[in-house]
1. Being closer than 16 Å to residue 132 by Cα and not basic (Lys, Arg) is the filter here; which residues of region 197-213 pass it?
2. Quick check on region 103-121. Is at least one of its residues under 21 Å from residue 265 (Cβ atoms) and in contact (Cβ under 8 Å) with a residue 40 or more places away in the chain?
3. Please specify each residue of region 129-149 satisfying the condition of being surrounded by fewer than 21 Cβ atoms within 10 Å (Cβ to Cβ) and either outside the structural domain of residue 215 (by TED's automatic domain parsing) or charged (D, E, K, R) (or both).
4. If you go through region 149-160 one residue at a time, do you hit one that is assigned to a loop (DSSP other than H, G, I, E, B), within 23 Å of residue 83 (Cβ to Cβ) and of a type outside the set (Gly, Ala, Ser)?
5. Which members of region 135-168 meet the condition of being within 20 Å of the chain's Cα centre (by Cα) and without any contact (Cβ under 8 Å) to a residue 60 or more places away in the chain?
6. Which one of the conditions (1) part of a strand (DSSP E or B); (2) under 14 Å from the mean Cα position of the chain (by Cα) does residue 199 fail to meet, given that it meets all the rest?
7. Examine region 317-333 for a residue that is over 19 Å from residue 277 (Cα atoms), of a type in the set (S, T, N, Q) and not assigned by TED's automatic domain parsing to the domain that holds residue 128, and state whether such a residue exists.
8. Condition test on residue 183, is it crowded, with 22+ Cβ neighbours inside 10 Å, more than 18 Å from the chain's Cα centre (by Cα) and either at pLDDT 85 or above or in a loop (DSSP other than H, G, I, E, B) (or both)?
Amino acid sequence: MNVSASFFRSQHRARASRVSSSRAVMTRFGVLITCVLISAPAMAQVSQLAQVPQLAQGSLGVWSRDAQRRVVKVYGAGGLKGLEAYQSGFLVSPDGHIATAWSYVLDVEPIVQLDDGRRFESKIVGFEPSLELAVLKIEASELPYFKVESETSVQWGDPVIAISNLFNIATGDEPASVMQGSVASVTQLDARRGTFKTPYQGDVLILDLIANNPGAAGGAVVDADGQLVGMLGKELRDSATGVWLNYAMPAASLRSTIGDIIAGRRTSAPPEKTPILERGKSHDFVTMGVVMVPDVLETTPAFIDEVRETSAAARAGLRPDDLILLVNGTRVESQRGLLRWLRTIDRRDDLNLTVQRDSEILNLVLRP
C-alpha cells in the first residue's frame, strides 16, 4: 500500500490546526524501460520494436471490445492527498470473482461496476501481499471472464493492449479505456535491489505503452488472440531518477493464488460470529508496547506510530511505520478492525503478524 504512517500524523496535525493544504499537480512522464531492470541484450531487442506493425483501427476495435466486457471498474477508499478512490479489475470466473491490485482502495468494501453499467457491492475474498493481488466477489452469474493460463504466451515485440479504468475516464456503461502497444521485455523485478518500492519480486512484462496511470492498477493486458497475459501493477517510480515504470505481472504468476482463493484454500476473511473476550482476557497492543498512528479516518490503516523499548513488540521486531496486514492469517481492514479482532484472541496466545515495511513483506510472531 502506498500510504505512509507519516501521512496520518500530518492529517492529525492538520485537523488540530485547521490548516488546509492544496493538492499538488502531478506531472507524469511515460517511459519504456530503465537500465536498472533491462539487460544489454534486452536493450538491443527494444531497438527492433519499431519494426513491429500496429493493428489497423478497425482491427483494434474488434480485438479490444470482447476483452473490455471482462474488465470492471472498482471504487473504494481514497480521495485524500492524491489518493484516487478508483482502480481496475477483471473477471476470472463466470460467478463474479474479480482479480485486482491490492491497494488502499480496498480499505472499504468496494463497489464494482461492470461493462454494462451494473453496479454491485463486493466482498474481499482473499489477498496475497507479496503479489499485491486481491480477489473480490460480487453476486452475479453467467458473466464473461478471462481464463488465467498456466504459462505466459507473450514474448518481446508481441502486440498487446492494456484495458483499465485509467484516470476514471469511463463512467457508467462506458467501456474501459484501451491503450495499444507491445511487450518490450520479460524480465525479473527485484525492487529491493533497485529504487522501485514494491513487495512484488517476480517476473514482469515491461510494456511499450504508457499503461500504469492513476486508476489503471488491476487492469488487464491482453494479447492479439484475446488471451489474458498480465495484470497491470500499481504505479512504480524510481525514487532516484523520477522515472515511471510501465509494467504488468504475468497472469501465469497469479494463476495458482487466484485459484486457491476462489476454491477457499486461502482466505483472509475473519470468521463469522467470533466471541468478544473480556478486556483483561484479550490482547491489547498498548500493554505489548505498540502505539498506533492517530485514528483520523473511518478506515485508518493499521500503521504503527511507536514501539516501546524492551516491550514484547520490540522483542518481536516491530518498528514504527510498519503496516499490519494480517493477524493470525486474518486481513486487517483498518485500525479499528484490528483492535476489534484483538478482542477475540486470548492474551496468552501468540500473535502471528504479517506486516509491510517499506517494500518488504515480513512475518513476525508477537509473544505475550
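The values are calculated or read from the model by the stated rules, or taken from the named source; none is laboratory data. Please read these numbers as outputs of a predicted model, since none were measured by experiment. Neighbour counts run over all protein chains shown; Cβ positions are idealised from the backbone, glycine included.
1. In the first step, residues of region 197-213 are kept if they are closer than 16 Å to residue 132 by Cα; the result is 197-205, 212.
Selection gives 198, 199, 200, 201, 202, 203, 204, 205, 212.
2. Our first condition is that a residue be under 21 Å from residue 265 (Cβ atoms); within region 103-121, this holds for 106.
Retained after the next criterion (residues that are in contact (Cβ under 8 Å) with a residue 40 or more places away in the chain): none.
No: zero hits.
3. Scanning region 129-149 gives 137, 139, 142, 147, 149.
4. Filtering region 149-160 down to residues assigned to a loop (DSSP other than H, G, I, E, B) leaves 149-158.
Next, only the ones that are within 23 Å of residue 83 (Cβ to Cβ) stay: none.
No, every residue in region 149-160 fails to be assigned to a loop (DSSP other than H, G, I, E, B), within 23 Å of residue 83 (Cβ to Cβ) and of a type outside the set (Gly, Ala, Ser).
5. If the condition is that a residue be within 20 Å of the chain's Cα centre (by Cα) and without any contact (Cβ under 8 Å) to a residue 60 or more places away in the chain, then 137, 138, 167 are the ones that fit.
6. Here residue 199 meets the rest and fails (1).
7. Checking region 317-333: not a single residue is over 19 Å from residue 277 (Cα atoms), of a type in the set (S, T, N, Q) and not assigned by TED's automatic domain parsing to the domain that holds residue 128.
8. Working: crowded, with 22+ Cβ neighbours inside 10 Å: yes; more than 18 Å from the chain's Cα centre (by Cα): yes; either at pLDDT 85 or above or in a loop (DSSP other than H, G, I, E, B) (or both): yes.
Taking the combined requirement at face value, the residue satisfies it.
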